[in-house]
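Only the coordinates and a few stated rules stand behind these numbers; no lab work does. The structure displayed is predicted, hence computed values, not measured ones. Neighbour counts are summed over all protein chains in view; Cβ atoms, including those assigned to glycine, are modelled from backbone coordinates with ideal geometry.
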Amino acid sequence: MTNIRTPVERSDARIKINGKAEYVGDIRFEGMLYAKTLRSTRPRALIHSVEIPPIPEGYFIVDKHDVPGKNRVKIIADDMPFFSEDRVNYIGEPILLVVGPERETIAHILEAITVTYSDIEPVYTIEEAEKGSAPPLFGSDNLFASYEIVKGDPISAFSQASIRFEDIYRTGFQEHAYLEPQGAIGAYENGRVTVYGSMQCPYYVKNALIQGLGWAEDRIRVVQTTTGGAFGGKEEYPSLIAGHVAFAAIKAGSPVQLVFDRAEDVRFTTKRHPAIIRIASALDAQNRIIAMNMEIKLDAGAYAGLSEVVLQRAMFCSTGVYNIPNARVRGSAVATNNVFTGAFRGFGGPQATFAVEMHMHGLADRIGEDPLVFKRKHLLKKHDSTVTEGTIRQEVVLPALIEAVTGPSDYRGKLQRFQSTKGTVHRGIGLSVFLHGCAFTGSGEKDKIQAKVKLRKTRDKTVEILVSSVEMGQGPQTTLKKIVAHTLGIPLENVIYENPDTDRVPDSGPTVASRTVMIVGFLLKKVAEKMRESWNSAPEFELQERYEQPPFVQWDQQRFKGDAYPVYSWGTNVVEVEVDSLTWEVTVKGIWAAYDIGTPMDERIVRGQIEGGIAQGLGYATMEVMNSSEGRFMQESLFDYVIPTAVDLPNIHSTLIENEYEYGPFGAKCAGELPFVGAAPALASAVQHALGVPITRIPLTPDYLREVTQGED
Amino acid sequence: MKIDFILNKKPVHIDTDPLRRLLDVLREDFYLTGVKEGCGEGECGACTVLIGGEAVCSCIVPVGTVANEKILTIEGFRSTARYRILEKCFIDAGAVQCGFCTPGFIMAAESLLSENPRPDETEIRQGIAGNLCRCTGYSMVVDAIQKASVQGKGLW
């Protein structure tokens, strides 16, 4: 058998290339009806009345009255209704569905419905929320969550500092822009509901349906359809629309398909949280950081969603890859009348990492030290303590990862040479050093998820993987199969792994947090080892395995103390840019990247994760601009929300340094989100180098670059 | 309106509203669901088909304008030798992730290689600039098309 790293043909490649793969919009059931959503046009208002004219036979209105159970989408806080009740809290909030056989007729019915509102003073931004002139949207403080972490004694460290340096960093909204828009089909038959859909978390959807329908769980089935990209955007959001199609299917007595058009998807589904992050550092006489004081504020939008967990991850990686002996980190998730923000690749990490990396760069500039030299002085090492006082248990290979990008890119040479560049084209080179905590934050895997996996040996000697993890492009239908095939010593073709159907698969947790290979893959490896031992015991049998926390993990969820993550993956990026000071356009000229993700389960699939993650991260830092004006996004399509195309990016030079993890399959750690995390700060550092002005905000729009540069003159 | 055209090498005849999008006609009337709708405004290329050999976003083409044209979709193209080379090279280069954009990229690649059988990297990047992919960062797609142009020498 070949090495597990060696690339194999992806299981899902042919059917996707030849167009036979069925996505949710490609599925048609007999008698299937279509649905379209009537949405709030107000950012914050009470609903006075909804006037619905007579509608033709065969058409249905589905609203709050059609929710048989609790009209709340089960995520964390139970604050978001499936359909508005007496009020709306963001533009686009679903009020009702119109369902029927002809899309054109549905559109006419939607146009004829009149909703009368009485407006309430809205809250559009974090700053406005802090002013507190409008009534709070959530609780009495208008915060979905607020936390504080204190490590050591930051107050006395700041009082002893010889240099103090402070700045504020800002990051914007980001749209997932998966190519397949959100969609789901509900079907009601023999007293059972089945929802088919594009999703990351079949059991999140099932649990949301249990609550929304108020039914026993055996009457509810969720089937993932081939999913055309997700990136976190199909983590919590599908629970909302799954409810919609389930309620509609029950009312209409026919299958109902709801597929968003691009404008709906861009305007009304979750986004990455905008952040305002203030960091103050205290340096001693030797220019070493002795303390940091941080404040992280996230714009959570109108409903709680997953914001508290996003905030936790942002806080837990707020000091980056650096050993900071004393720290105070406060964080808040602020309610505003924007679309609720949510999961997006990196999950709070990109915002915090951008801030701390730019801060380290700013600090180095402030004391006149080379940024890389300054960063290297502070790198975490094995046995060091994290911001939550967890222990770094693995060897930290950052010095080697730094060499792997600085050498091939000629980082040091270009850092010197580019300073002398004249004319309107400014060249710059930047570097980022970063980590990503693998799998769920804190005790999530042990207390919340408790993953289960099953493996079934069949009479024809094939082995079926039964897990709720989904293929959404990131490759588990290949990598998880490889793990099982390698462990059992059977050909890859003899391992089966279909899209999950909750009637058949146990809950192995959501497909999020870069946890699939490391957590689910490790469980599959363990169960496959047991199956190998008992292979000849029966022609047909099934084995199950349940998650156990590695024995060394210590975590206090109340105080945020201990190992926020069992292990970390690490990375370095170098980005080279040209900035034209006539147009203020940033052109990426070179990208070098190195990672420690443990053992790659397939080098080609990992390369795909790296390159795609970097592309999204560079888009986030540059062209992906999403502005909300009075609760309405100014961008409504892929025409005005611009993502990178093939001409925007050069080839990416990437390397892996293997550093095996004992509790990952074949030594694997996490890989999916990490490549996103480092791209924006590397690019922003390069622009800072090119223009010679501090960069504290992304995206780097021409307006912003003009402003910071001219501000310096 | 009655409209005749050649769809995947077979003459077809429909009677429909000429303003309907070609995309909808292909997906709904002919069940050609390999043609995907990603944006509905000609930005993403997921619905790319060839009209008279030229790659076009079928979401912005009113079906009334294709009378007597030759239309090729992934369903018609996938039985060809050129397709088999592209499929192999997309697999070998790792150009497929979520797959939603992939049939559109295959059609764009066919159009590009038909016009320019040995494109360099820049020409490939320009040739697929009308197709969006959110998963790969494009380099592996570029590699796939480059491999196809070499391995499929003489086919285009």
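Note on segment B:81-151: with charges restricted to the Cβ of Lys and Arg (+1) and Asp and Glu (-1), its dipole about the Cα centre is near 160 debye.
In loop segments of segment A:515-577 as defined by DSSP, the GluC sites (Glu not before Pro) with at most 11 further C-beta atoms inside 10 Å of their C-beta are A:Glu540. One chain, two ends: A:Ala285 and A:Arg412. Fully extended at 0.36 nm per residue, the span grows by 43.1 nm beyond their Cα-Cα distance.
When you restrict to C-alpha pairs under 8 Å that are six or more residues apart and normalise by the size of chain A, the relative contact order lands at 16 percent. The residue list A:Leu618, A:Ile591, A:Gln554 was ranked by how far each Cα lies along the charge dipole of segment A:479-634 toward its positive end, using unit charges on Cβ atoms, and A:Gln554 comes out on top. Spin-label model, A:Asp86 to A:Ser140: label points 7 Å out along the Cα-to-beta-carbon direction sit 2.1 nm apart. Over segment A:344-495, the reciprocal of the mean inverse Cα-Cα separation, the Kirkwood hydrodynamic radius, stands at 20.2 Å.
Seen through its C-alpha gyration tensor, with square-root eigenvalues sorted a ≥ b ≥ c, the protein assembly as shown comes out rounded because a/c lies under 1.5. Each Lys and Arg contributes +1 and each Asp and Glu -1, all at the Cβ; summed about the Cα centre of segment B:2-75, the dipole is approximately 220 debye.
Once both labels are positioned 7 Å from their Cα atoms along Cα-to-Cβ, the gap between A:Gln160 and A:Ile15 label points is 6.3 nm.
When all alpha carbon pairs of segment A:393-465 are counted in 10 Å bins from zero, the resulting P(r) reads 13, 22, 18, 18, 15, 10, 4, 0 %.
So what's the gap between the Cα centers of segment B:1-53 and segment A:454-508, to the nearest angstrom? After rounding, the separation between the Cα centres reads 37 Å.
Dipole check for the protein assembly as shown: with +1 at the C-beta of Lys and Arg, -1 at the C-beta of Asp and Glu, and the Cα centre as origin, the magnitude is about 1920 Debye. I want to verify the translational diffusion coefficient of chain B in µm²/s; compute it with Stokes-Einstein, Rh as the Kirkwood radius over Cα pairs, at 10 °C and 1.306 mPa s. In µm²/s, the coefficient is 102. State the Kirkwood hydrodynamic radius of segment A:74-120 in Å, one decimal place, computed from all pairs of distinct Cα atoms. Kirkwood hydrodynamic radius for segment A:74-120: 12.9 Å.
Extension gain for A:Ile76 to A:Lys377 (0.36 nm times residue separation, less C-alpha to C-alpha distance): 104.3 nm.
In this simple spin-label model, placing a label point 7 Å from the Cα along the Cα-to-Cβ direction at both A:Glu533 and A:Glu403 gives a separation of 4.2 nm. A straight chain from A:Asp556 to A:Glu104 at 0.36 nm per residue would run longer than the Cα-Cα distance by 157.2 nm.
Under 5 Å from the amide H of A:Ile163 lie the amide H atoms of A:Leu283, each residue being 5 or more positions distant or on a separate chain, with H modelled from the backbone and absent for Pro and chain starts.
Checking Cβ-Cβ separations below 4.7 Å across chain A identifies A:Cys201, A:Cys317 as cysteines lacking any candidate disulfide partner. Summarised in one figure, the compactness ratio Rg/Rh of segment B:81-151, Cα atoms and Kirkwood Rh, is 0.90. Near the amide H of A:Glu85, within less than 5 Å, lie no amide hydrogens of residues on another chain or at least 5 residues away, with H placed in the peptide plane. In chain A, with Lys and Arg counted as +1 and Asp and Glu as -1 at Cβ, which of these residues, A:Gly362, A:Asn627, A:Phe83, has the Cα nearest the positive end of the dipole, that is, farthest along it? Projecting each Cα onto the dipole axis, the largest value belongs to A:Gly362. Couplings 3J(HN,Hα) of segment A:131-136, computed from phi: 5, x, 6, 8, x, x Hz, in residue order, whole Hz [Karplus 6.51 cos²θ - 1.76 cosθ + 1.60, θ = phi - 60°; x for Gly and Pro]. Of all DSSP bridge pairs formed entirely within chain A, close to 80 percent run antiparallel.
The smallest convex shape that holds all Cα atoms of segment A:444-546, its convex hull, gives 90 Å³ per residue. Sequence-ordered 3J(HN,Hα) estimates for segment A:76-90 from the Karplus curve with 6.51, -1.76 and 1.60 and θ = phi - 60° stand at 10, 8, 6, 9, 9, x, 5, 10, 3, 9, 9, 8, 10, 10, 7 Hz, glycine and proline given as x. Residue by residue, segment A:316-331 carries 3J(HN,Hα) couplings of 6, 10, 5, 9, x, 9, 10, 8, 10, x, 10, 8, 10, 10, 10, x Hz when phi is fed to the Karplus relation 6.51 cos²θ - 1.76 cosθ + 1.60 (θ = phi - 60°); x denotes Gly or Pro.
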